[in-house]
Every structure is written in C-alpha cells, then in structure tokens.
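Please read the structure below before turning to the comments.
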Amino acid sequence: MKTKMEIFTAVDEQVEKYVVKNFDDIFTLGKAQLFGIDIYKTVDPIVQKIGDHKDVYDMLNPMHAILGADYDAFGLVTTGWAAPTVNGEDDGVAPSKHPERVRVRLFSFCDVQGRITSSLRFANKEGEVTYDENQARGAMRDAMLDFHYITETFRLVRSGKLGVASGELGEAPTQKDNN
C-alpha cells in the first residue's frame, strides 16, 4: 500500500505533465484547473480534469462538487505571484506589486479525509518543488475544505447513507422496520 505522500507525489507528477503539455506559459495558466482523482491500492492514481475557471474560489462551487463526488479526491492548480516575507509576515505590499515578486504555480490536493497537501513551483527555481503536507492555512484551504464537505455530502446521498426529503437532511433507513 502506498503512503499518502507517495500517492500525492504520483498525482502531482500527472498534473505537472498535464500543465506542461497543455499550456505555453506554465506559470500563467489564465484559469485555475480542477481535477478529480481516483486512488487505487496497487496502481497509480487516475487524474482527470473536471473543470476550470478564472476565479479559483468561484470554481469550488456546488455544481463542480457534484462532479467531484464521482472521485475519491480532488486537486486544483492555479498560478499567481509570490513575494518574500520577513519572519512569516509580509510588508504590506501585495505580492503582485512587490519588487522581488516571482511567478508561482500551486497544486493543492484534498484527500478523502480532508487533508490538504500542496506542491509549489517557482518560475525562478526550475525543477525545484516545495511540498506542504497538511500545513495549509487561509482562504484557499477553507474553500477547499468547504468543497470537500459538499462532495462528501453528495457521496453520502448517492450511497443512500444520507437521505434528503422535504429539504431536510436525515439518515436514510438501513432496513425496513416490520413491527
């Protein structure tokens, strides 16, 4: 059985190949890309693009979550600017305006337990990858977790483990009561 990091690395490699193959500028994609991921015990994960959007937060919406519920996990790739920080704090200048800014590409993966692992690539450090294993914080992490919970709810409803009636959620019966 593969470790969580081995699974993530296999997914990350597939997403990297997708980006390199489909974009001329791999640090300016234009739209965030959303992927559905199926994970297997003995073979590499299968990664399929299920959506894209100019705004990564708008992409993480319930309509895409319906598609995402067909997969074990999901991931997204987006590009932007990064700038140096001092002791983990920015200097009040937006990364896109900072004189030492650099283009970055972020791939974030949310597994079935809601753990988020990321890879970060810098345009000025070709071939280098920085990994973050479930240490993410901030708006992107929160949006991904919300999306994860929505996909999990769709999965439960589809499986019959969670019933929906009259606009209310409730547990679906597991067996008929004959009393």
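Results, tabulated for the structure shown:
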quantity	calculated
Residue match in the stretch 126-138 (condition: β-branched (Val, Ile, Thr), open to solvent by 60 Å² or more (accessible area, probe 1.4 Å) and in contact with a strand residue (DSSP E or B) (Cβ under 6 Å, 6 or more places away or on another chain))	yes
Single match in 66, 39 (criterion: open to solvent by less than 70 Å² (accessible area, probe 1.4 Å) and touching a strand residue (DSSP E or B) at 6+ places or on another chain (Cβ under 8 Å))	39
Filtered residues of the stretch 47-61 (kept if in contact (Cβ under 8 Å) with a residue 12 or more places away in the chain, part of a helix (DSSP H, G or I) and open to solvent by 30 Å² or more (accessible area, probe 1.4 Å))	57
Index of the failed condition, residue 105 passing every other in (1) open to solvent by 80 Å² or more (accessible area, probe 1.4 Å); (2) touching a residue at least 40 places away in the same chain (Cβ under 8 Å)	(1)
Any hit, the stretch 8-18, residues being within 24 Å of residue 139 (Cβ to Cβ) and surrounded by fewer than 17 Cβ atoms within 10 Å (Cβ to Cβ)	no
Residue within the stretch 15-25 that is free of Cβ contacts under 8 Å to residues at least 60 places away in the same chain, part of a helix (DSSP H, G or I) and among the aromatic types (Phe, Trp, Tyr) present	yes
Residue list for the stretch 19-36, restricted to those being of a type in the set (Lys, Arg) and surrounded by 13 or more Cβ atoms within 10 Å (Cβ to Cβ)	31
Evaluation of residue 74 against (1) hydrophobic (A, V, I, L, M, F, W, C); (2) more than 21 Å from residue 33 (Cα to Cα); (3) crowded, with 20+ Cβ neighbours inside 10 Å (one fails), failing number	(2)
Elements of type strands (runs of 3 or more DSSP E) in the stretch 62-146, at least 3 residues being modelled with pLDDT of 90 or more, in contact with a Cys (Cβ under 6 Å, 6 or more places away or on another chain) and within 24 Å of residue 28 (Cα to Cα)	none
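The values are calculated or read from the model by the stated rules, or taken from the named source; none is laboratory data. This is a predicted model, so every value here is computed, not measured. Every residue, glycine among them, receives a Cβ derived from its backbone with ideal geometry; neighbour counts consider all protein chains shown. In case anyone asks, the SASA skips ligands and DNA or RNA and just uses the protein heavy atoms, side chains included. Shrake-Rupley method; radii C 1.70, N 1.55, O 1.52, S 1.80 Å.
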